[in-house]
Amino acid sequence: MEKPLAGKCHKEVWFGILISFVLCFTILCFDYSTSKLGVYNGVNLLVRRVHPYITRDSCYGRYIYVHDDLPAKFNDDLLKNCQNLTTGSKPKNSDTQNMCPYIVNLGLGPEIEEPEGVLANESWFITNPYLLEVIFHNKMKQYKCLTNNSNQASAIYVPSYVGLDASLHLWDFNLTVRDYSAKDLVGWLSGKPEWKKMWGRDHFMVAGRTSWDFRRQKENSSDWGTNLRFLPESMNMSMLSVEGSLWKNDFAIPYPTNFHPANDSDVVQWQNRVRSQKRPFLFTFVGAPRPDMKDSIRGKLIDQCQASSNCKFLHCGSSGINCNNPVTVMRVFESSVYCLQPPGDSHTRRSTFDSFLAGCIPVFFHPATAYTQYLWHLPENHTKYSVFIPVKEVEDLKEGIIEKTLLGISKLEELAMREEVIRLIPNLVYADPSSGLETKDAFDLAVQGILERIENVREVTTEGKDPSIGFADEDNFKFTFPETPE
């Protein structure tokens with residue numbers, strides 16, 4: 001009689017297991033069906049409810065595929081032939097220095113050996129801003145959410161050093177030569193299987209030059225730049241550069257400064273240092289006049305500075321002081337409450353980020369110098385960290401208006417602005433690629449911004465709409481002044 005009883009129990013156990021399996025399967029299906037849209041690092045993503053015993057992929061929605069198969073002529077070969085690369089805005093010749101000394105330390109440049117009590121003893125380099133694309137690439141190599149599966153990727157990074165490449169022929173009157181590499185690059189990209197997923201709209205590249213250097217509209221050899229950004233394939237891509245253009249697929253990210261912290265304590269120590277700095281000058285200007293630019297306000301700005309005992313003027317250039325020495329520039333900025341940041345050869349300036357680094361409150365005269373540019377890195381409310389003196393025309397810069405404006409700011413307002421400037425420092429520097437910060441740096445915010453941009457385009461496509469509409473349109477308000485009540 002025992003054997004039938006055992007058989008019965010055996011059947012009941014298996015029946016119980018079967019019922020448990022069905023219940024678990026039903027719960028999981030229900031769990032999946034109740035998925036909902038959420039936000040992760042500012043990006044709209046599909047977030048599924050998961051049980052405590054299931055670990056969610058922390059890189060979900062943040063995976064980036066890098067075109068490591070890009071031919072070396074677009075990146076590594078340029079560095080191997082660094083003697084042909086110019087360090088500035090003039091063509092390379094026998095009298096100009098080449099880029100070779102600056103490509104060391106993963107593009108950060110040589111370490112500063114004599115900080116002279118002005119800089120911290122570590123994490124300071126002589127960094128050439130044109131090497132942003134190299135620095136970005138080296139930081140991307142350490143990105144925690146890289147994938148070799150392009151189908152899994154939310155974005156595709158093209159590690160082409162387009163700025164360094166362009167500098168070889170920017171001054172060439174033969175447009176075929178000047179534009180050859182750009183056409184070669186987009187031809188290679190559009191022939192890859194990854195291109196067809198979104199026809200390039202999930203692709204992005206980085207440049208250490210202003211985006212205007214790639215926006216020549218006419219087939220006129222006297223016009224500046226290459227035509228890279230007007231090639232049909234390139235118009236489907238996004239570019240991150242030190243200065244954005246009128247077009248909506250160009251995005252500005254900070255110029256690299258000379259400070260590349262290796263850890264968070266480097267940042268905190270520097271913030272504490274500039275917070276306690278004595279500042280004998282009310283305002284300062286570091287730069288040079290632009291006598292050949294009739295619309296430049298620099299001449300009048302320098303006159304106002306030199307006429308005031310509250311202002312320090314550091315004259316840069318061949319006839320002045322060598323401002324390529326970070327110690328020279330930072331010494332002045334650290335001794336000033338406000339730093340004047342007028343447009344230069346273009347709207348933006350690397351000096352803006354040096355002033356943030358020094359805890360010096362920037363004073364802007366045009367919205368496109370910062371406010372409409374660095375949207376991923378600076379607060380929308382610019383009054384929290386800067387002073388704006390709108391100057392549409394040179395004659396708008398009335399005599400004495402700068403000093404009068406700055407003297408009218410209360411001490412409490414000044415302290416609040418400086419504290420915000422100092423708080424923003426980690427957002428505006430590129431940490432050493434060989435280490436990294438727990439706090440988000442300029443690279444992290446740029447990656448977050450481009451992921452959000454691409455995800456928004458992907459949502460448009462999913463909704464059955466045309467993703468090309470608005471993707472690369474002109475934004476005519478980007479370089480206009482805000483309306484002021486009469």
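Observations, loosely collected:
- Residue list for the stretch 440-476, restricted to those being without any contact (Cβ under 8 Å) to a residue 24 or more places away in the chain and either among the hydrophobic types (A, V, I, L, M, F, W, C) or surrounded by fewer than 15 Cβ atoms within 10 Å (Cβ to Cβ) (or both): V460, T462, E463, G464, K465, D466, I469
- Residue in the stretch 232-251 that is in the same structural domain as A120 (by the TED database), open to solvent by 10 Å² or more (accessible area, probe 1.4 Å), among the aromatic types (F, W, Y) and free of Cβ contacts under 8 Å to residues at least 60 places away in the same chain present: no
- Only a single criterion out of (1) part of a strand (DSSP E or B); (2) at pLDDT below 95 is not satisfied by W171, namely (1).
- So N128, is it polar (S, T, N, Q) and free of Cβ contacts under 8 Å to residues at least 40 places away in the same chain: no
- Matching residues in the stretch 402-439 - criterion: being modelled with pLDDT under 95 and open to solvent by 50 Å² or more (accessible area, probe 1.4 Å): S434, S435, E438, T439
- Selection status of K312, open to solvent by 60 Å² or more (accessible area, probe 1.4 Å), out of contact with any Gly (no Cβ under 7 Å at 6 or more places or on another chain) and modelled with pLDDT of 95 or more: yes
- Residue check for P254: open to solvent by less than 10 Å² (accessible area, probe 1.4 Å), modelled with pLDDT of 95 or more and in contact with a Ser or Thr (Cβ under 8 Å, 6 or more places away or on another chain): no
- Some residue of the stretch 155-165 being of a type in the set (S, T, N, Q), at negative phi, open to solvent by 20 Å² or more (accessible area, probe 1.4 Å) and assigned by the TED database to the domain that holds K196: no
- Number of positions in the stretch 257-268 that are surrounded by fewer than 21 Cβ atoms within 10 Å (Cβ to Cβ) and either farther than 19 Å from A358 by Cβ or touching an Asp or Glu at 6+ places or on another chain (Cβ under 7 Å) (or both): 4
- Matching entry among E395, E459 (being in the same structural domain as E243 (by the TED database) and more than 21 Å from the chain's Cα centre (by Cα)): E459
- Any chance D179 is over 23 Å from the mean Cα position of the chain (by Cα) and in the same structural domain as R215 (by the TED database): yes
- Residue ranges of strands (runs of 3 or more DSSP E) in the stretch 200-263 with at least 1 members in contact with a strand residue (DSSP E or B) (Cβ under 7 Å, 6 or more places away or on another chain) and aromatic (F, W, Y): 203-207, 250-252
- Flag: P289 does not match the condition of being open to solvent by less than 60 Å² (accessible area, probe 1.4 Å), within 26 Å of L428 (Cα to Cα) and part of a loop (DSSP other than H, G, I, E, B).
- Yes/no for P280 being out of contact with any strand residue (DSSP E or B) (no Cβ under 9 Å at 6 or more places or on another chain) and modelled with pLDDT of 95 or more: no
- Annotation note: of V337, V332, V267, V327, the sole residue that is closer than 30 Å to Q448 by Cα and either among the β-branched types (V, I, T) or part of a helix (DSSP H, G or I) (or both) is V267.
- Residue match in the stretch 352-363 (condition: on the phi > 0 side of the Ramachandran plot and buried (at least 19 other Cβ atoms within 10 Å of the Cβ)): yes
The values are calculated or read from the model by the stated rules, or taken from the named source; none is laboratory data. Bear in mind that the values here come from a model prediction, so they are computed numbers and not experimental data. As a convention, Cβ positions derive from the backbone with ideal geometry for all residues, glycine included, and neighbour counts pool all protein chains shown. Note: accessible area is taken over every heavy atom of the protein model, side chains too, but ligands, DNA and RNA are not part of it. Shrake-Rupley method; radii C 1.70, N 1.55, O 1.52, S 1.80 Å.
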